[in-house]
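Chemist: Let me begin by handing over the structure; questions about it come next.
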Amino acid sequence: MSRIGKKPVELPSGVSASLSGQTVEVKGPKGTHTFTATDDVTITIEDNTVSVTPRGKSKRARQQWGMSRTMVANMVQGVSTGFKKELEITGVGYRAQMQGDKLVLNLGLSHDVNFEVPEGVTVTTPKQTEIVVEGTDPQLVGQVAANIREWRRPEPYKGKGIRYKNEYIFRKEGKKK
């Protein structure tokens, strides 16, 4: 039994869901999202809750059960509150700033990095050493944050680079004389 799949997804106020066949459409204050489930699960909408049940006892049906419920829950959270990833920049002279729809990163390279922000995600820089990535799709928000972090991963000796907020960097000791 899927412990995640058993729980119904509560719809907060201001969020509505509609079902047509195997496609669920969720509308909220931040936009709309759709998800088409496989034929291995049954989706029902009753009394501001969305519940997912498997259509058999096969392994694939049980796999799709929990995954489908999580996809619906992520859509509901995305259109109501959204998702956010925060990044910190550590290093002398390392900084970031928004210029229109481009994120300009100064990371100690011979050139500035111009990062194109994809549609569906908003990137802000409250400080020169902080980057906030927000959006309604958790996969897209996480991928954009990972792509930004990829330009200068934190290194273990001085801790310089771009890291997630509250990420622990295992520090190594340098050479000894």
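Chemist: Give me the residue from the stretch 98-108 that is assigned to a loop (DSSP other than H, G, I, E, B) and in contact (Cβ under 8 Å) with a residue 24 or more places away in the chain and, out of that set, farthest from residue 149 (Cα to Cα). Steps first, please.
Modeler: Taking the stretch 98-108 and keeping what is assigned to a loop (DSSP other than H, G, I, E, B), we get 100-101, 107-108.
If we keep only those that are in contact (Cβ under 8 Å) with a residue 24 or more places away in the chain as well, we get 107-108.
Numbers: 107: 11, 108: 14 Å.
Applying the filter and picking the extreme gives 108.
Chemist: Filter the stretch 89-143 for residues that are of a type in the set (D, E, K, R) and over 13 Å from the mean Cα position of the chain (by Cα) and give the result. Explain how you work it out, then say what you get.
Modeler: The initial filter retains those residues of the stretch 89-143 that are of a type in the set (D, E, K, R), namely 95, 101-102, 112, 116, 119, 127, 130, 134, 137.
Result: 95, 101, 102, 112, 116, 119, 127, 130.
Chemist: Give the residues of the stretch 104-122 that are of a type in the set (A, V, I, L, M) and either at positive phi or touching an Asp or Glu at 6+ places or on another chain (Cβ under 8 Å) (or both), sorted by residue number.
Modeler: So the first thing to find is which residues in the stretch 104-122 are of a type in the set (A, V, I, L, M), and the list is 104-105, 107, 109, 113, 117, 121.
Within the stretch 104-122, 104, 105, 117, 121 qualify.
Chemist: Which of the residues that make up the stretch 122-139 are more than 19 Å from residue 73 (Cβ to Cβ), polar (S, T, N, Q) and surrounded by fewer than 18 Cβ atoms within 10 Å (Cβ to Cβ)? If you could, list the steps in order and put the result at the bottom.
Modeler: At the first step, the residues of the stretch 122-139 found to be more than 19 Å from residue 73 (Cβ to Cβ) are 122-133.
Checking which are polar (S, T, N, Q) leaves us with 122, 124-125, 128-129.
Within the stretch 122-139, 122, 124, 128, 129 qualify.
Chemist: Something else now. Being part of a strand (DSSP E or B) and free of Cβ contacts under 8 Å to residues at least 40 places away in the same chain is true for just one of 45, 89. Which residue is that?
Modeler: On the way: 89 fails: free of Cβ contacts under 8 Å to residues at least 40 places away in the same chain.
Matching residue, one of 45, 89: 45.
Chemist: Any chance you could count how many residues in the stretch 109-143 are touching a residue at least 24 places away in the same chain (Cβ under 8 Å), outside any strand (DSSP E or B) and closer than 20 Å to residue 32 by Cα?
Modeler: The total comes to 6.
We did not get these values from a lab; they are worked out from the coordinates using the rules stated. All values derive from a computational prediction rather than experimental measurement. Virtual Cβ from ideal backbone geometry, glycine too; neighbours counted across all protein chains shown.
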